[in-house]
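Undergrad: Here's a structure for you.
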Amino acid sequence: MFVIKLGRRKVLAAGLFVSGVFALSASSSLLGVDEEFKVAHAARALQPGEVVLVSVDSNRPLKELTATSNDRNFLFYSDGESAHWVGLVGIDLETPPGDVQILLNGENLDGEPVQFTYQVTILAKQFPTRQLSVDSKYVSPPQSELDRIAQERRRVSRIFATTTPERFWRGPFLRPVPGETGSGFGKRSVYNGKPRSPHTGTDFRATKGTPIKAPNNGRIVLVKELYFAGNTVIIDHGLGLYSYFAHLSEFRVEEGDAVETGQVIGLVGATGRVTGPHLHWTVRLSEARVDPLSLMNVLKTAGGS
Ligand SMILES: [Zn+2]
């Protein structure tokens with residue numbers, strides 16, 4: 001544990017679970033105010049595609065706290081005791097290695113701004129390449145489908161760009177199907193010999209018809225057959241966190257439904273661009289592309305409430 005003195009301010013910082021470089025600084029507006037912050041993080045790894053849980057303890061209660069990192073905003077939450085705040089920060093799949101600044105912005109009960117930075121060092125990660133053979137219409141879609149594909153991309157991007165200020169999720173995220181994971185997150189995909197965008201989800205092995213359970217509470221914001229993803233369900237877990245499930249054979253929910261952890265949202269299938277039945281699960285956190293397994297891990301390990 002370290003104490004950093006900045007002018008008259010004492011700032012306390014601790015790196016827990018994973019060793020990380022940290023740095024704290026005070027905004028000029030606060031110089032002269034005797035405020036202390038203890039910042040810690042937990043993560044499976046500090047690498048592209050990982051979720052980092054950041055916790056902040058302040059000696060004075062705060063009204064609100066958000067983090068900004070790599071131009072993305074992450075809303076923090078407080079469990080009743082407004083001197084303790086927790087937030088999930090996403091390290092996007094294509095983040096280059098190096099130091100990443102997490103700028104924390106808040107407001108104390110007197111309405112005064114509170115600002116400090118926390119630094120983590122992201123290590124490089126090499127993602128393997130996978131070769132897949134699919135129907136040629138999924139590699140070079142016909143002209144007639146291009147408008148539809150563009151429209152679907154826009155709709156999904158708009159959903160991920162929306163941050164619901166309420167937090168729906170509680171506790172750790174559960175596995176949506178019992179099976180093992182197949183193809184992993186971040187793999188560079190080559191379809192019929194042609195390179196395509198990286199795999200932004202994790203695939204779970206499952207037979208057709210296996211019930212898919214909501215990994216946590218949320219609101220259903222999309223139930224639709226998409227060109228590449230086939231039958232797709234998106235759950236808004238709140239605070240910019242989304243689950244996207246693809247290739248379903250059947251839906252069990254409708255747009256607007258509130259779902260609870262463990263509730264069946266649909267059945268595993270093989271619709272869209274697939275080589276066989278499986279469940280594809282993508283997680284977005286304030287648009288950052290992160291590994292669902294990292295999300296499951298960090299909340300289980302750090303005891304996210
Ligand atoms: Zn997949």
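The values are calculated or read from the model by the stated rules, or taken from the named source; none is laboratory data. This is a predicted model, so every value here is computed, not measured. Ideal geometry is used to build each Cβ from the backbone, glycine not excepted, and the neighbour counts take in all protein chains shown. Remember, those area values only see protein heavy atoms, side chains included, never the ligands or the DNA or RNA. Shrake-Rupley method; radii C 1.70, N 1.55, O 1.52, S 1.80 Å.
Undergrad: How about region 268-296: which of its residues are open to solvent by 20 Å² or more (accessible area, probe 1.4 Å), of a type in the set (A, V, I, L, M, F, W, C) and over 16 Å from N216 (Cα atoms)?
TA: Hits for region 268-296 are A270, V274.
Undergrad: Being within 16 Å of the ligand (Cβ to nearest atom) and on the phi < 0 side of the Ramachandran plot is the filter; apply it to region 239-265 and report the residue that is farthest from the chain's Cα centre (by Cα).
TA: S249
Undergrad: Output the residue which, of all residues in region 165-179 that are under 18 Å from A246 (Cβ atoms) and of a type outside the set (G, A, S), is farthest from the ligand (Cβ to nearest atom).
TA: F173
Undergrad: Now a separate question. Only one of R153, R158, R170, R130 is open to solvent by 70 Å² or more (accessible area, probe 1.4 Å) and touching a residue at least 12 places away in the same chain (Cβ under 8 Å). Can you tell me which?
TA: R170
Undergrad: Pick out the one residue from R148, R219 that is farther than 15 Å from H237 by Cα and more than 16 Å from the ligand (Cβ to nearest atom).
TA: Going through R148, R219 in turn, just one is farther than 15 Å from H237 by Cα and more than 16 Å from the ligand (Cβ to nearest atom): R148.
Undergrad: Only residues that are more than 10 Å from the ligand (Cβ to nearest atom) and either assigned to a strand (DSSP E or B) or surrounded by 17 or more Cβ atoms within 10 Å (Cβ to Cβ) (or both): list them for region 182-197, please.
TA: G186, R188, V190, Y191, K194, P195, R196 - these are the residues of region 182-197 that are more than 10 Å from the ligand (Cβ to nearest atom) and either assigned to a strand (DSSP E or B) or surrounded by 17 or more Cβ atoms within 10 Å (Cβ to Cβ) (or both).
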